[in-house]
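The values are calculated or read from the model by the stated rules, or taken from the named source; none is laboratory data. Note that the coordinates shown come from a computational prediction; the quantities given were computed from them, not determined experimentally. Quick reminder, even Gly has a Cβ in these numbers, built from the backbone with ideal geometry, and neighbours come from all protein chains shown.
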Amino acid sequence: MDIAKITKKLHPYERAVLLKLKDNITYSWLVRETGLQGVEVMRGLQWLENRGALKLEHKKTTRIILDKNGEAALERGLPEDRLLKALKEGPATIQDAATRGKLDPQEASAVMGLLKRTSRIEFGADKVLQITKIGEQALGKDSFEIRLLRKLSEAPLETGELTPELKYAFDNLKKRRQMIKTVEEKDRTIYLEPLGRELIKADLSGEYADKLTSEDLKTGAWQKKEYRGYDVSINVPTKSPGKPHFVNEAIDYIKQVWLELGFQEMEGDYVQTAFWDLDALFVPQDHPAREMQDTFYLEKPAKQAIADKKVYEAVKAVHENGGDTGSKGWGYEFSKKESEQLMLRTHTTVLSAQTLNAIRQGNAALPGKYFSVDKVFRNESLDWKHLFEFYQVEGIVVDPDATFSHLLGYLELFFKKLGYEKIRIRPAHFPYTEPSVEVDGWHPEKKEWVELGGAGLFRPEVTKTLIGKEVPVLAWGIGMARSISEYFAITDIRDLYNNDIKKLQTIKKWVK
Amino acid sequence: MPTITLSKKELLETIGKKLSDEELADRISMLGTNLEDIEGDEISVEIFPNRPDLLSQQGFGRALASFIGALGKTGLAKFVVEKPKITVTIEKSTEDCRPYTACAVIRGLKLSEQKIEEMIMIQEKLHITYGRNRKKVAIGIYPMEHITTPIRFVGLAPDKIKFLPLEARGEMTAKEILEDHPKGKEYAGLVKGLKHYACFIDGKDKIMSMTPIINSELTGKVSHSTTDVFVECSGFDYGVVSTCLNMIVTSLADMGGTIEACALKYEHGKLGTITSPDLTPKEWKIDLTYINKVLGLKLSEKEMGALLEKMGFGYDEKKRVVFVPAYRNDILHMVDFAEDIAIAYGYENFTPTIPTVATVGEESWKSKVERKVREILVGHGLLEMKNYHLVNAEDQETMGVNEYVKLKSCVSQEYNTLRRTPLVSLLVALTRNQHHEYPQKVFEIGRGFKEAREKDGGVKEQEFLAVLLAGEDENYTRARQILDSIALGMDIQPSFEEVDKSWSLEGRAAHIILDGKVIGDIAEIHPRVLTALGLEVPCSAIILKLDVF
């Protein structure tokens, strides 16, 4: 590349670094030489590295420095030398020799072992210590240890640059108490690439403005200035925007689909009576799904009276004997107590039931199409594939002309929007629909049928009781967790509501 | 839902046709049962709760053979019931414990190991599902060679009961059975508090069983040498127990036995002396127009009749009457035929159709408001969180919220109350995020709950916005700036009034007031609350009711 073109793009940090740059130097050396701050030098080096001008290599060094006892030894001599000197004055017991050499007893016995091992002293008669020939010779010259300590008092040394003798002294001294200590240091070594070699020779004298300022614009100074070019290919620091929750994005999309198909949104309470959640939907009061382990019942408050007496009586009748629906009913005695229990809704089908009742009261349209995408609750323990609250996509079509084939039509249309080109239905069973279907979708990646949700036509026991006349009602309840988890590559379903800030900031958008 | 295990070999014999595993899997799914697996000779199928009559090898085989259209296997299955030879007296003493039973005798069975297993499976599966774990129906099957007729169904005082129960080492009293016998312990709840326990007693006064708990080892254990069995179902409703009996005897008849009725002599109630089982099909009127309308088809009478027969019904075209087998309990309404007709027609053969009803889509006002508010907050660089509505009581109490909606027996015990506002959820969520960079600025739009004060009781639900700003420089002013921009955007002019909240720092909290009503709060959170939750950064918050817009 054209060197002049590059020099024009150089940042002031890079220029400062280039002025002092040589091959095979360290980062810390460069900091000292340039007088810049460490981060400035590092920035400059990294940018130059990005340009291919140099290579940075991590280097770990161990530096040796003097410790407390080491400093004392430099002043007063090493303890072994002092003991040796004391014995040179004449044989003595260890205690006497220690007193003579001003060593404390512990120190004295520690170095006594060392001196004996190296034959510099020996035991004479009556356990008295005396100096040997070797000892006397040794006293005459500096030991490797003292030489190392002296060197360290001048400047710290790196372990890598020790001579064999000093290495020997280092190994000995590091075993002894507080003589020396080592400090681990990280540094970087800089190796120049051919481009770097050219750059350090290049003319860096040109002046390039770093910033285009409003002052430049007001005064027209920009006409006389040259501006530094950027390296536009490098990464910039990340910045996190505010974001809607990713699950809400998916929900918004699904709501949009239903709105486009002419559906009206339903809403209602999360806390419902068993009457609305189950009885109104003709679920028998002894149905296993009502049991405690599946449903969140409330402890406080525990019950609520059914305000609408008319619908209460109609539902009671349909359970007991079919009422006026042409059904046999379940044939048991309906329990008010069971009905009044408060619970967290187990399905949004409760909203559909309430919408049918609103039609009877003249508060909702017939024919009408209604939907909701909202939370439902199941008393389950949390694990990677279970949540105790999750979303259900609910829809009903209340239309005197609706048929089973229409149900299939709506489902096919909806699932196409969710990415399932092919769906199939299988017979299923729900207490409130007849016929009932289970919807499977052909999974384009897994290449297999996956369960998507349940659907059907509401039973006359539901429609006639709630609307007041028998009108066909197409209905479906679809889970969303699979579609959302797959889109966002979530394998542990708890991660949907884990609210990890980093994840919320970096997760992709729902683009469908 | 219950899963049954079937023998493929036996199933194919019943059908009388060779089918590949794929074909078999497809047909089983399309019959309205959930195929779990076919492996070797074993087929596992999940049965929907409306079809307990499919819970046996025989019942399932009969339905599948008819559905597939095997020669001579479609239409109403015929069963012969021989005249009663034995009498069962139902004494008045059963009235307050287990008043009803329906009984039958099956003769001429050839019981292999597999057949005995199948018999046990029918009993078990019906107990769990249709019998609601023996509460609604309990079933007993006894070898005729060990009992003496006539049989009595009696309510006995617990201290009068002593016999050798199945799988026990010696005779046990009723009390010992309920306390020490595994089955006794399991089902003790069903007889709790009763003065009498219902027992079947034979002609020699031997206790055959203490129902719904356990049979006698001597008179209640079927073996290879057994050819004739006595079958009883007991419970609280004659219709329920007799339907259950019908499911069992038809399966045993398909196993090769002949059905012999029993005379039932009721000494209580209105039944008097009757015979069971009654396998006369029930007659239902059917309306072709109705069926065609529900399904969106144009079937003829003849086609509908053929489809009904595929599902094991009989059909009289002239009278327009469907004959429903006595073992089926799922026909409550004419619409139930529509589903069976659809299954026989084949769900795969319906053409999806989009009707042309002109309706106008409309988003709820609540959703609209949420969308707008969310836009404003995202513009301020806030992250939206979504937390559970269920929170721990302790966390609410930490914030000074002591009255909350409480749940009963939660499986996940740490989530046992409904949150008063989403603020508590945000605070707890931030305690899990302390390893990430600050400031952390988050919001949640969601529901809060409190007990309603109205006389009907119940729960008041309220849609809230909660904002939480955590960081060295986050304070009342920052929170107020955000609130102001919501007010501006949503076009309201609130005023502010100092207040002391249980969770706020004194002098740094305000009620947000609109038209004289409190619609929310802004506050710096009290260090006591932060410390109790384990948060080590200053936090400021907004709570705002969203129904004010």
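Below, the figures for the structure above:
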item	result
Extreme residue, nearest to B:Leu31 (Cα to Cα), among residues of segment A:410-422 that are surrounded by fewer than 21 Cβ atoms within 10 Å (Cβ to Cβ) and within 11 Å of another protein chain (Cβ to nearest Cβ)	A:Glu412
Matching residues, segment B:499-532, being over 24 Å from B:Leu488 (Cα atoms) and surrounded by fewer than 19 Cβ atoms within 10 Å (Cβ to Cβ)	B:Asp500, B:Ser502, B:Glu506, B:Gly507, B:Pro527, B:Arg528, B:Thr531, B:Ala532
Flag for A:Gly262 being within 9 Å of chain B (Cβ to nearest Cβ), modelled with pLDDT of 90 or more and on the phi > 0 side of the Ramachandran plot	yes
Output for segment B:371-395, where each listed residue is surrounded by 16 or more Cβ atoms within 10 Å (Cβ to Cβ), farther than 15 Å from B:Val442 by Cα and more than 7 Å from chain A (Cβ to nearest Cβ)	B:Val391, B:Asn392, B:Ala393, B:Asp395
Hits in segment B:260-281 (condition: surrounded by 19 or more Cβ atoms within 10 Å (Cβ to Cβ) and over 33 Å from the mean Cα position of the chain (by Cα))	B:Glu260, B:Ala261, B:Cys262, B:Leu264, B:Tyr266
Pair list, Cβ under 8 Å, 6 or more apart: segment B:40-53 residue away from chain A (no Cβ under 12 Å), other residue at pLDDT 90 or above and assigned to a loop (DSSP other than H, G, I, E, B)	B:Asp53/B:Pro325; B:Asp53/B:Tyr327; B:Asp53/B:Arg328; B:Asp53/B:Asn329
Given (1) modelled with pLDDT of 85 or more; (2) among the aliphatic types (A, V, I, L, M); (3) under 24 Å from A:Ile64 (Cβ atoms), number of the condition A:Ala155 does not satisfy	(1)
Enumeration of residues in segment B:121-172 that are in contact (Cβ under 8 Å) with a residue 24 or more places away in the chain, outside any loop (DSSP other than H, G, I, E, B) and closer than 15 Å to B:Thr101 by Cα	B:Val137, B:Ala138, B:Ile139, B:Gly140, B:Ile141, B:Tyr142, B:Ile151, B:Arg152, B:Phe153, B:Val154, B:Gly155
Scan of segment B:437-463 for residues that are surrounded by 14 or more Cβ atoms within 10 Å (Cβ to Cβ) and in a loop (DSSP other than H, G, I, E, B), ordered by number	B:Tyr438, B:Pro439, B:Ala452, B:Gly458
3 or more residues under 35 Å from the mean Cα position of the chain (by Cα) and not small (Gly, Ala, Ser): qualifying helices (runs of 4 or more DSSP H) within segment A:444-510	A:481-487, A:501-506
All positions within segment B:117-154 that are surrounded by fewer than 20 Cβ atoms within 10 Å (Cβ to Cβ), more than 14 Å from chain A (Cβ to nearest Cβ) and over 24 Å from B:Lys206 (Cα atoms)	B:Glu117, B:Met121, B:Glu124
Strands (runs of 3 or more DSSP E) enclosed by segment B:1-65 - at least 3 residues per element that are polar (S, T, N, Q)	B:3-7
Options A:Arg494, A:Arg426, A:Arg459; residue that is within 12 Å of another protein chain (Cβ to nearest Cβ), surrounded by fewer than 18 Cβ atoms within 10 Å (Cβ to Cβ) and not small (Gly, Ala, Ser)	A:Arg494
Test: residue in segment A:184-201 that is more than 30 Å from A:Arg15 (Cβ to Cβ) and acidic (Asp, Glu)	yes
Candidate set from segment B:346-370 (those that are assigned to a loop (DSSP other than H, G, I, E, B) and polar (S, T, N, Q)); member that is farthest from A:Val373 (Cα to Cα)	B:Thr351
Pairs, first within 7 Å of chain A (Cβ to nearest Cβ) in segment B:336-360, second assigned to a helix (DSSP H, G or I) and of a type in the set (Ser, Thr, Tyr), C-beta under 8 Å, six or more apart	B:Ala338/B:Tyr290; B:Phe350/A:Ser405; B:Thr351/A:Ser405; B:Pro352/A:Ser405; B:Thr353/A:Ser405; B:Ile354/A:Tyr410
Lone qualifier among B:Glu497, B:Glu524, B:Glu474, B:Glu454 - being within 27 Å of A:Val271 (Cβ to Cβ) and either within 11 Å of chain A (Cβ to nearest Cβ) or at pLDDT 95 or above (or both)	B:Glu454
Listing of strands (runs of 3 or more DSSP E) fully contained in segment B:482-549 that carry 3 or more residues being without any contact (Cβ under 8 Å) to a residue 40 or more places away in the chain and small (Gly, Ala, Ser)	B:504-514
Selection count where residues are exposed (fewer than 12 other Cβ atoms within 10 Å of the Cβ), more than 9 Å from every other protein chain (Cβ to nearest Cβ) and either more than 32 Å from the chain's Cα centre (by Cα) or not basic (Lys, Arg) (or both), scope segment A:235-259	4
Matching entry among A:Val311, A:Val232 (being surrounded by 20 or more Cβ atoms within 10 Å (Cβ to Cβ) and either part of a loop (DSSP other than H, G, I, E, B) or more than 12 Å from chain B (Cβ to nearest Cβ) (or both))	A:Val311
Which listed residue, of A:Val311, A:Val283, A:Val350, A:Val318, is more than 30 Å from A:Glu249 (Cα to Cα) and touching an Asp or Glu at 6+ places or on another chain (Cβ under 6 Å)	A:Val318
Residues located in segment A:138-173, provided they are of a type in the set (A, V, I, L, M), part of a loop (DSSP other than H, G, I, E, B) and either more than 52 Å from the chain's Cα centre (by Cα) or crowded, with 17+ Cβ neighbours inside 10 Å (or both)	A:Leu162
Helices (runs of 4 or more DSSP H) contained entirely in segment A:321-439, each with at least 1 residues that are closer than 18 Å to A:Ala274 by Cβ	A:336-340, A:349-360
Some residue of segment A:307-324 being under 20 Å from B:Arg447 (Cβ atoms) and of a type in the set (S, T, N, Q)	no
One residue from A:Arg378, A:Arg360 being surrounded by fewer than 21 Cβ atoms within 10 Å (Cβ to Cβ), among the charged types (D, E, K, R) and more than 10 Å from chain B (Cβ to nearest Cβ)	A:Arg360
Positions within segment A:45-78 being acidic (Asp, Glu) and more than 40 Å from the chain's Cα centre (by Cα), in sequence order	A:Asp67, A:Glu71, A:Glu75
Residue in segment B:396-406 that is of a type outside the set (Gly, Ala, Ser) and within 7 Å of another protein chain (Cβ to nearest Cβ) present	yes
